[in-house]
Structures are given as C-alpha cells and as structure tokens.
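**Q** Handing you a structure now.
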Amino acid sequence: LITTANLAVGFMSIIYSINNNFSLAAWFVIIAIALDLMDGRVARWTKSVSSFGVELDSLSDLVSFGIAPAILMYQMVLSTMKWC
C-alpha cells in the first residue's frame, strides 16, 4: 500500500509539473522520499517481502525519482531556454 502510494505521488508530481505548478510538484517528490523510506522498513517489519513488491518498488522509484524530477526540471528550466 505504501509503495503504491509512492507511485501515485510520483504520478501526481508529473501531472503538477506539466500544469506548471512547480512547488507542489517538488513537494510531491519530497513526500515520495518519505514514503520510499517507510515502505522498506514496514515490509521488513511485517515480514511481507515478496518478489512482486520488489518489482513494484523498483517501478515506483523509477517514476518518483527518475521521471518526475526529470519532467519537473524540463518544465521549469529547459522548456524556457531559447535554442539556437
């Protein structure tokens, strides 16, 4: 559940980045960091580690810490640059 919330927060960051709401998009990335720290600890604590959970965690990390910050930086900085 926490990993899925991390994935959803990453998607929300992407949506807000595309809508030019950069501060909220950045806050969603910070929330994703907190959820990512929590999900591994909770899974080990409850002994509910599964191969599906490992793959879902990798996907949510890719979205929250790879794609979402890249789109945020593109929308904030690169889309406003004048290309020769």
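**Q** Could you tell me whether any residue of segment 54-65 is among the polar types (S, T, N, Q), more than 17 Å from I2 (Cβ to Cβ) and surrounded by 12 or more Cβ atoms within 10 Å (Cβ to Cβ)? Before the answer, list the steps.
**A** As a first pass, look at segment 54-65 and keep what is among the polar types (S, T, N, Q): 58, 60, 64.
Subsequent filtering for residues that are more than 17 Å from I2 (Cβ to Cβ) retains none.
Checked against the condition, which is being among the polar types (S, T, N, Q), more than 17 Å from I2 (Cβ to Cβ) and surrounded by 12 or more Cβ atoms within 10 Å (Cβ to Cβ), segment 54-65 yields no hits at all.
**Q** Separate question: If you go through segment 10-27 one residue at a time, do you hit one that is within 12 Å of D57 (Cβ to Cβ) and open to solvent by 40 Å² or more (accessible area, probe 1.4 Å)?
**A** no
The values are calculated or read from the model by the stated rules, or taken from the named source; none is laboratory data. Just so you know, these numbers come straight off a predicted model, no measurement behind them. Because the Cβ atoms are built from the backbone with ideal geometry, glycine has one as well, and the counts that use them run over all protein chains shown. All accessible areas refer to the heavy atoms of the entire protein, side chains included, with ligands and DNA or RNA removed. Shrake-Rupley method; radii C 1.70, N 1.55, O 1.52, S 1.80 Å.
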